[in-house]
Structures are given as C-alpha cells and as structure tokens.
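In what follows, a single structure is set out as structure tokens and then discussed.
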Amino acid sequence: MLEDSLEGQTMLSRGFVGRYVEMWPQRYARLQTALGAGNVEDAAEAALSIFSSSVMVGAERLGQMSGDMVEWIKQGHPDKAQEALNAVALCGTETMTDLKDRYVQPTG
C-alpha cells in the first residue's frame, strides 16, 4: 500500500495520488493520440509513463495493462496496444474512481 511505503504519511500519500489522478486524462490522451498517429516512439513513452506512475501508486491492474502495451510496442506490435486502448480507458476510469474514494476524498 502506498501509505506503507511512505511510512504512514497520509497527507503525502493523498497529494501523490491526487496528482496521479489529475494527470490521468493527459497521460491517456497522449497514448491514444500517439497510437492513432502511428507514432510508436511516443506511444511507447506514453505507455511507459502510465506504467511507471501506476506501479508507484499501487494501481496494479492498470500497471500490468500498460506494461503489456509497452512490450507489444517494443516488439513491433502497436496494433495490439491499439486494440487494448478501450480496456485501458475503462480500467483507468475505474482506477481513478477508486483512488479518489480512498485517498483524494476520504470519508473518514
């Protein structure tokens, strides 16, 4: 859990997660645009950005999906990454909602 790695610093955790959530639309848009334009270098960087930030925040499923995209792009199969975009968007939406509920807008 993020707070464990930050030694229980709740405010720091909330700030980190809040920035991650705020940046999600831009990160996803960059990936979507790059794949749509066939720009594999930018697509790989965008997927890597989603992967690394997701891993850091503890968003395992989104991290796994974006990590798969990085590998597909590196292996010369950006079409597989393109096919996964809708699933990544849905996972991202679900992840951001969950993180907002747990960290950004805590109830207690």
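The values are calculated or read from the model by the stated rules, or taken from the named source; none is laboratory data. Every value quoted in this text rests on a predicted model; they were computed, and no experiment measured them. Counting neighbours? That spans all protein chains shown, and the Cβs are built from the backbone with ideal geometry, glycine included.
Of everything in the stretch 1-47 that is among the polar types (S, T, N, Q) and at pLDDT 95 or above, the residue that is surrounded by the fewest Cβ atoms within 10 Å (Cβ to Cβ) is Gln26. Give the number of residues within the stretch 75-101 that are surrounded by 13 or more Cβ atoms within 10 Å (Cβ to Cβ), among the small types (Gly, Ala, Ser) and not in a helix (DSSP H, G or I). Total satisfying the criteria: 1.
Of everything in the stretch 33-52 that is out of contact with any helix residue (DSSP H, G or I) (no Cβ under 6 Å at 6 or more places or on another chain) and either part of a helix (DSSP H, G or I) or charged (D, E, K, R) (or both), the residue that is nearest to Val104 (Cα to Cα) is Ser52.
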